[in-house]
Amino acid sequence: DAKTTQPNSMESNEEEPVHLPCNHSTISGTDYIHWYRQLPSQGPEYVIHGLTSNVNNRMASLAIAEDRKSSTLILHRATLRDAAVYYCILIFLFGSNQFYFGTGTSLTVIP
Amino acid sequence: DAGVIQSPRHEVTEMGQEVTLRCKPISGHNSLFWYRQTMMRGLELLIYFNNNVPIDDSGMPEDRFSAKMPNASFSTLKIQPSEPRDSAVYFCASSPLLGGQGANEQFFGPGTRLTVL
């Protein structure tokens with residue numbers, strides 16, 4: 001089963017862009033790349049997902065490398081409310097697979 | 001929609017007792033997931049269902065854990081007998097299945113914090 005690797009922690013200044021990296025070198029052709037975040041004492045919250053092309057939504061952008069072995073979640077202007085643990089996971093299109101959330105990247109936003 | 005509903009929100013029990021956690025997915029969602037979160041192991045997928053059928057239960061730690069989904073609007077996760085190492089936050093999530101598993105976002109419930117003494 002494909003797994004992901006993320007830095008344990010990152011810091012960003014408020015109102016500056018944040019680039020959260022994720023490596024997934026064993027990704028298969030039909031694995032979607034998902035990002036979720038978890039605020040303290042809450043359940044995980046969906047952020048964005050994609051397959052091959054870069055994706056944008058109201059929360060963030062997802063940049064996917066051409067070989068799909070890595071991706072970057074981009075928060076365009078970090079706010080204090082973006083302080084959370086960010087998880088990058090791979091979810092197979094069809095069939096059975098284990099989704100490994102791991103321990104994610106803890107993002108600290110500095111005022 | 002009220003979102004994914006989990007009950008109870010907190011559960012404290014003694015070792016050896018049976019514990020049942022409940023989940024009501026978002027109406028219309030065909031997939032349901034049970035996760036466990038601990039400081040040591042992070043967020044782990046235990047089992048998931050598509051159209052009420054268990055698809056992958058390889059994350060269930062041992063035979064003391066069982067999960068059922070008798071209909072599209074209700075699922076249970078049971079631990080019998082419970083042990084202190086089962087203490088964790090248990091999350092339920094649901095998602096549509098349109099276009100395939102990976103093509104859809106998951107919506108998480110608020111979780112059940114279980115403490116086994």
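Annotation: aspartates and glutamates with alpha-carbon distance below 16 angstrom to B:K68 (same-chain offsets under eight excluded): B:E18, B:D56, B:D57.
How much of the pair distance distribution for the protein assembly as shown lies past 25 Å, counting alpha-carbon pairs only, in percent? Result for the distance tail: 40 percent. When all alpha carbon pairs of chain A are counted in 5 Å bins from zero, the resulting P(r) reads 2, 13, 24, 25, 19, 10, 4, 1, 0 %. About the centre of its Cα atoms, the range A:1-87 shows a dipole size close to 160 debye [charges on the beta carbon of Lys, Arg (+1) and Asp, Glu (-1) only; nearest 20 debye]. Applying a DSSP loop filter and a limit of 13 other Cβ atoms within 10 Å to the trypsin sites (Lys or Arg not before Pro) in the range B:16-103 leaves B:R41.
What shape does the range B:1-45 take by its C-alpha gyration tensor, where a ≥ b ≥ c are the square roots of the eigenvalues and a/c under 1.5 counts as rounded, a/b above b/c as prolate, and the rest as oblate? The shape class here is oblate.
Per-residue mean of foreign Cβ neighbours for B:95-104 is 5 (Cβ atoms of other chains, 10 Å radius). Tally Lys and Arg at +1 and Asp and Glu at -1 over the other residues with C-beta under 10 Å from the C-beta of B:L77: what net charge comes out? Spelling it out: positives minus negatives among the neighbours equals +4. Hey, if you put +1 on the Cβ of every Lys and Arg and -1 on every Asp and Glu Cβ in the range B:51-117, which of B:S66, B:T115, B:A93 ends up farthest toward the positive end of that dipole? Checking the options against the dipole of the range B:51-117, the answer is B:T115.
Would you mind telling me which residue in A:Y46, A:Y87, A:Y36 has the biggest mean-square fluctuation in a Gaussian network model of chain A, where springs connect alpha carbons within a distance under 10 angstrom? Top of the fluctuation ranking is A:Y46.
For chain B, dividing the convex hull volume of the Cα atoms by the residue count gives 95 Å³ per residue.
No lab work stands behind these numbers, since they all come straight from the coordinates. It should be emphasised that the depicted structure is a prediction, and the values quoted were computed from it without experimental measurement. Quick reminder, even Gly has a Cβ in these numbers, built from the backbone with ideal geometry, and neighbours come from all protein chains shown.
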